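What follows is calculated from the coordinates using simple rules that are stated; it is not laboratory data. Being a predicted model, the structure only gives us computed values, none of them experimental. Reconstructed Cβ throughout: ideal geometry from the backbone, glycine too, with neighbour counts over all protein chains shown.
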Amino acid sequence: MIALAMFLFSGISLLKAYMEYKKGSVEYDGLETYVTRETDTDKATIDETESEFVYETENDVITGHTIKKRLYSKKSIVDFDSLKKINSDLVGWLLVDSLDISYPIVQTDNNDYYLHKTFEKQDNFAGCIFMEYQNHSDFSDNNTIIYGHNMKNGSMFGKLRKILDDGVYSKDPYFWIYTEEKVYKFHIFSARTVSVDSESYTLQFATPDDFKSYLDDVVGKSELKCDSVDVDANDKITTLSTCTGDESTRFVIQGKLVRTYKAVR
């Protein structure tokens, strides 16, 4: 009887976990409808039509195709107006194409709420991708931190560690963050396992020398070869952080901001 009870309990637990994964996946798959995606027809159109301007820098206007070989709407790749009606905590959308990561980013006044709340604020252990509550959402800090769960089905930040797999980084060493006003392009320069109290989670440094010393340490300890990327105290970096199987460690990917585009509305 005890064995049967344990079997039933185990089965119920597995079913519950499956349903949680399913609910989270369905919700986030649905949110992808608010992101414009490239089709073969779209790509042909943008190749031929130079009027498809999307983002501009101070000196020039860049087409969506030039930026990312992907067609964006004339307003934005992300329908922020519709998404903010669902959740006003939205601050951006993260794309890591090499890892097939595409999620909204939220920020609130603490780092606990979205640990087990989805973008639509439903209870779910997948939680949401969220920005450190002490960060400025304009990426003006020395180090901006974005957290996500390491889900067993590969969702959220469950694929983050795959950046170490052969060929993944060389295929596409960038990640992108889209906001209502700007688009930020980051070049990955480090990936490694760190302790939970690591200096990796420092947001601002007292002096440029302190920041440079930190960056040198980060590069030196990276498990990923990124020899072509130079970082210095003038850079702004963003850290993508997820849990590991060990409660005392985390896995992080860090990228330096290399380009900022202004969204044309």
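Some observations on this one:
- Charge tally for Tyr113 (other residues, Cβ to Cβ under 10 Å; Lys, Arg +1; Asp, Glu -1): -1.
- Here the gap between Asp216 and Lys162, fully extended at 0.36 nm per residue and compared with their Cα-Cα distance, gives a gain of 17.1 nm.
- Length gained on full extension, Thr249 to Asp230, computed as 0.36 nm times the residue gap minus the Cα-Cα distance: 4.2 nm.
- Model label points for Asp138 and Thr193, set 7 angstrom from Cα along the Cα-to-Cβ axis, are 3.9 nm apart.
- The Cβ shell under 12 Å around Asp232 holds other residues with a net charge of -1, Lys and Arg each +1, Asp and Glu each -1.
- Label-to-label distance, nm, for residues given as Asp81 and Asp109 (7 Å Cα→Cβ offset): 3.0 nm
- Summing Lys and Arg as +1 and Asp and Glu as -1 over all other residues whose Cβ lies under 11 Å from the Cβ of Asp165 gives a net charge of +3.
- Cα gyration tensor, the stretch 89-263 - rounded (a/c under 1.5), prolate or oblate: rounded
- Contour excess over end-to-end distance, with Cα ends at Asp100 and Thr207 and 0.36 nm allotted per residue: 34.9 nm
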